[in-house]
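Working notes, structure below.
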Amino acid sequence: MPIPDSSITDQQKKWFASVREGLERDTGKTVEEWVKIFRKCPETSYKKQADWLRANYGLGVNRAAMVIYAADPEKAAAEDDPSLLVAGLWRDPAQLKIHDALVAHVSKMKGGIVGEKKTFTGFSRKYQFAAIRPTKDGVRLGIAVPSKSSKRFEAPKKNEGWSDRNKGVVVLTSTKDIDAEIKALLKAAFEAS
């Protein structure tokens, strides 16, 4: 999957390689052979293509994504373009300011990685230590620290759409909410990741 190396951790790079190796080992076909099979897919939307690979060939979500992205690397690269992901997710100017402030803060941490996704922005070192996503109330920030670390925190919702490690969650409504306490908790989570 052609995700820019600068936006994923070494652990994630190993995981992507293991998906490819597992696909080839378990099916006896190379990714290139799977791409030839995939070219017969009558579907045009990503979800329907993945469903087609699952229904007809038993490929799981990650293996199907590997094949679909390998079939059209330019499209995959465009879909993973960080600037396009930011433009698509962070449409509200006030939320974008919070996003940009957190990205700037994490980018100053030596080894900090910013990973723009379709539904959230993740912050990693070896592992994800924090993530943000826009909500109707502001920007939801999850940090890999216990929810009891701050009186401002709440427990994560059942399906936040980011790492289960992010146990402390707070809604930020302006850049002023990124205060010394939040920065200290981000630093602690970063150092533990």
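Among the candidates Trp52, Trp34, Trp15, which residue alone is on the phi < 0 side of the Ramachandran plot, without any contact (Cβ under 8 Å) to a residue 12 or more places away in the chain and open to solvent by less than 60 Å² (accessible area, probe 1.4 Å)? Going through Trp52, Trp34, Trp15 in turn, just one is on the phi < 0 side of the Ramachandran plot, without any contact (Cβ under 8 Å) to a residue 12 or more places away in the chain and open to solvent by less than 60 Å² (accessible area, probe 1.4 Å): Trp52.
Entry remark, region 102-117: residues being open to solvent by less than 40 Å² (accessible area, probe 1.4 Å) and either small (Gly, Ala, Ser) or assigned to a helix (DSSP H, G or I) (or both) number 5 in total.
Contact annotation: no residue pair with Cβ atoms under 6 Å, 6 or more positions apart or on different chains, pairs a residue in region 151-169 that is over 22 Å from Lys126 (Cβ atoms) with a partner that is open to solvent by 20 Å² or more (accessible area, probe 1.4 Å) and of a type in the set (Phe, Trp, Tyr).
Candidates in region 20-61 are the residues that are of a type in the set (Asp, Glu), touching a helix residue (DSSP H, G or I) at 6+ places or on another chain (Cβ under 8 Å) and in a helix (DSSP H, G or I); of these, the one that is farthest from Lys75 (Cα to Cα) is Glu24. The number of residues in region 118-141 being more than 15 Å from the chain's Cα centre (by Cα) and either among the hydroxyl-bearing types (Ser, Thr, Tyr) or open to solvent by 40 Å² or more (accessible area, probe 1.4 Å) (or both) comes to 3.
A residue that is under 21 Å from Gln12 (Cα atoms), at pLDDT 95 or above and among the hydroxyl-bearing types (Ser, Thr, Tyr) occurs somewhere in region 112-124.
Entry remark, region 169-193: residues being at pLDDT 95 or above, surrounded by fewer than 15 Cβ atoms within 10 Å (Cβ to Cβ) and of a type outside the set (D, E, K, R) number 5 in total. Of the residues screened, Gly161 is not one that is open to solvent by 10 Å² or more (accessible area, probe 1.4 Å) and farther than 23 Å from Leu84 by Cα.
Which one of the conditions (1) modelled with pLDDT under 95; (2) surrounded by 18 or more Cβ atoms within 10 Å (Cβ to Cβ); (3) in a helix (DSSP H, G or I) does Ile3 fail to meet, given that it meets all the rest? Going through (1) modelled with pLDDT under 95; (2) surrounded by 18 or more Cβ atoms within 10 Å (Cβ to Cβ); (3) in a helix (DSSP H, G or I) one by one, Ile3 breaks only (3).
Filtered by the rule that a residue be farther than 30 Å from Lys176 by Cβ, without any contact (Cβ under 8 Å) to a residue 40 or more places away in the chain and buried (at least 18 other Cβ atoms within 10 Å of the Cβ), region 71-101 gives a lone residue, Ala71.
The values are calculated or read from the model by the stated rules, or taken from the named source; none is laboratory data. Everything numeric in this text was worked out from a predicted model, so none of it was measured. Heads up, the Cβs are rebuilt from the backbone with ideal geometry, glycines too, and the neighbour counts pull from every protein chain shown. Heads up: the accessible areas ignore ligands, DNA and RNA and are worked out on the full protein's heavy atoms, side chains in. Shrake-Rupley method; radii C 1.70, N 1.55, O 1.52, S 1.80 Å.
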